[in-house]
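All remarks here apply to the structure that follows.
The values are calculated or read from the model by the stated rules, or taken from the named source; none is laboratory data. Nothing here was measured: the structure is a model prediction, and the numbers come from that model. Note that we place each Cβ from the backbone using ideal geometry, even for glycine, and neighbour counts take in every protein chain shown.
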Amino acid sequence: MLSYVFKYAGRFKKKTVSAMIVLTAGVLLSMVPYFLVYQLIEPLLEHRTLTASYAIVKVALFLLCLLAYRVLYCYGLKLSHEGAFNTLKNIRMYVQERIEKMPLGKIQDIGTGQLKKVFTDDIDGIELLLAHAVPEGFSNLMGAAVMMIAMFFVDIRMALLSVAALALSLIISFVMFGSCMKKMNEYYAASAKMNNTIIEYVNGMEVIKVFNRHEESFKKFKEDVLNYRNYTLDWYKMCWPFLAVTTSLLSCLTIFSLPAGVAFISNGSLTLSRFALIICLTISVGTPLLKIGSYGATLPQLQYKISALEKLTEGEALKTGKENFKGSDHTIRFNDVRFSYKDTEVVHGVSFEIKENSMTALVGESGGGKSTLAKLLVHFYDTNAGSITIGGQDITDMSLEALNNEISYVSQELFLFNTTIYENILIGKPDATREEVLAAANRAQCADFLEKLPMGIDSKVGDSGKMLSGGERQRIALARAILKNAPIVVLDEATAFIDPENEEKMNAAISQVIKDKTIIVIAHRLPSIVEADQIVVLNEGSVSGIGTHAELLSDNQEYRRLWNAQAKTGEWQIKEEA
């Protein structure tokens, strides 16, 4: 566990080691007052005179040791926290880099709630390990060990009795950990499920209200919250009895030595002063052991969180190279491509070619693999078999940056950051001038709605662009693509939110994006792609036909069925009743 965390500490590992040394010195100083108390009562037990000067010196040393302990404790924690928070920063940066390289499908499978839990809760939990459990646990363990060894020099019998009480406490702790670990996986699974459900419930609140699905949605929300509560209480109920007994024994290691010491004094095998010394030393060990126990109880949780981080970061990354784009042109080829979501193959040996500066439309029923092929091209996923090349160069040989420079991808799943429209468009080309951004916005037909906003292009769009309509968000996405000016453009249902009023503007915006480019269009509206250079018809993940609109309408049964179905729906009218 520590080896996993410390490999991210880098030069800050020295901070944690220094904290362990400083805190160990502080713990040893905190135990000296118990010996000073013995020195104050020892003359009385031996019937000697206790002078005022002797008592004042001992009390002064007592206070000095406590003061020195607090100073060392605070300085040690300062060092440990510096090391811990810098290590957490390194871990977060590493996890973020790993997630960026993962296939998008795996990230979606993990879920927003679980990712949030990993980045915040789980990584924050490691702070307890680095800032407290390791340095304080080590220092208190060393302090307790020194005092336990000192007890053997006073009286072996009494020391062994104190060790027996400690051993009994440790046995109970191991039983507790063994029992609680069995429940921990269920507890964390319930926590992850609840986090995902809460985020889904909040994000879908608008849909829930519009369709009056409060009861069903809240039922799922309530079930997952109650499920988490039940697993938490079951887990705690199992651990609490063990924890109570363990804590009681650690705070009272004299449970065996105290009565035995009385017996030894009675038979003359132990002096009263030695008995007082061993009791003082035994009591001094209690506080460090309690602190060790409190951190020990958190170790199973930390172990689980670190295992979750390891599992996340060990996921298979996208197969990417380091080459720049070296293709002879921008002709795209899909060569016997196969792809599976989890264990289900959804693309079956797809092969076709898209010539440079031509338009290719992918059509077919929903779930036929159109968007999947687009996402494979922009390398959101790795293919299971086959290859995709641009100008003869395999996309897996290119770096993601090089590939992204060649492709503009306008998805139907639009996302805008909660910042200004200007900054959202600037994502397409971060080093663009303001004039270039404004020109891209105008070419994307954004001018009409920008004029209505109080701050124009500098207006904020709200969370996920909620201040704008779907069509307005699409035009901003098109403005990004225009600004990027990549030679390949993928339009994945880019007109999904189009309405008759804005159809002309959207078509004008799209014409600005696709000018002199290699175009892939995914559309359900077949009339919008009849002028495409070629149309690829997909049926359940396989190619059922390739050709122009006229060729497919004549020779391809699947395309003809889709065309006829759309023609019929185009004739639908709302019936008027008297």
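A few points about this structure:
- Tally, over region 320-335, of residues that are in a strand (DSSP E or B) and within 26 Å of residue 348 (Cβ to Cβ): 4
- The set of residues in region 322-358 being among the acidic types (Asp, Glu) and in contact with a strand residue (DSSP E or B) (Cβ under 9 Å, 6 or more places away or on another chain) consists of 323, 329, 336, 345, 353, 356.
- Restricting 488, 482, 476 to those that are within 30 Å of the chain's Cα centre (by Cα) and under 25 Å from residue 361 (Cβ atoms) reduces the list to 476.
- Residue among 390, 332, 421 that alone is farther than 24 Å from residue 537 by Cα, over 24 Å from the mean Cα position of the chain (by Cα) and hydrophobic (A, V, I, L, M, F, W, C): 421
- Checked against the criterion of being aromatic (Phe, Trp, Tyr), under 23 Å from the mean Cα position of the chain (by Cα) and over 17 Å from residue 284 (Cβ atoms), region 58-75 contains not a single residue that satisfies it.
- For region 516-573, the strands (runs of 3 or more DSSP E) that sit wholly inside it and include 1 or more residues that are in contact with a Leu (Cβ under 6 Å, 6 or more places away or on another chain) and among the aliphatic types (A, V, I, L, M) are 518-522, 534-539.
- Checking each residue of region 476-496 against the condition of being of a type in the set (Val, Ile, Thr), modelled with pLDDT of 85 or more and in contact with a Gly (Cβ under 8 Å, 6 or more places away or on another chain) gives at least one match.
To keep it simple, each residue is scored yes or no on (1) in a strand (DSSP E or B); (2) charged (D, E, K, R); (3) touching a Pro at 6+ places or on another chain (Cβ under 7 Å); (4) under 30 Å from residue 115 (Cα atoms).
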{"residue": "257", "(1), (2), (3), (4)": "no, no, no, no"}
{"residue": "261", "(1), (2), (3), (4)": "no, no, no, no"}
{"residue": "289", "(1), (2), (3), (4)": "no, no, no, no"}
{"residue": "349", "(1), (2), (3), (4)": "yes, no, no, no"}
{"residue": "366", "(1), (2), (3), (4)": "no, no, no, yes"}
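- Test: residue 144 is touching a His at 6+ places or on another chain (Cβ under 6 Å) and at pLDDT 80 or above: no
- Residue within region 22-36 that is in contact with a Lys or Arg (Cβ under 6 Å, 6 or more places away or on another chain) and touching a residue at least 24 places away in the same chain (Cβ under 8 Å) present: yes
- The one condition from (1) surrounded by fewer than 17 Cβ atoms within 10 Å (Cβ to Cβ); (2) farther than 23 Å from residue 281 by Cβ that residue 6 does not meet is (1).
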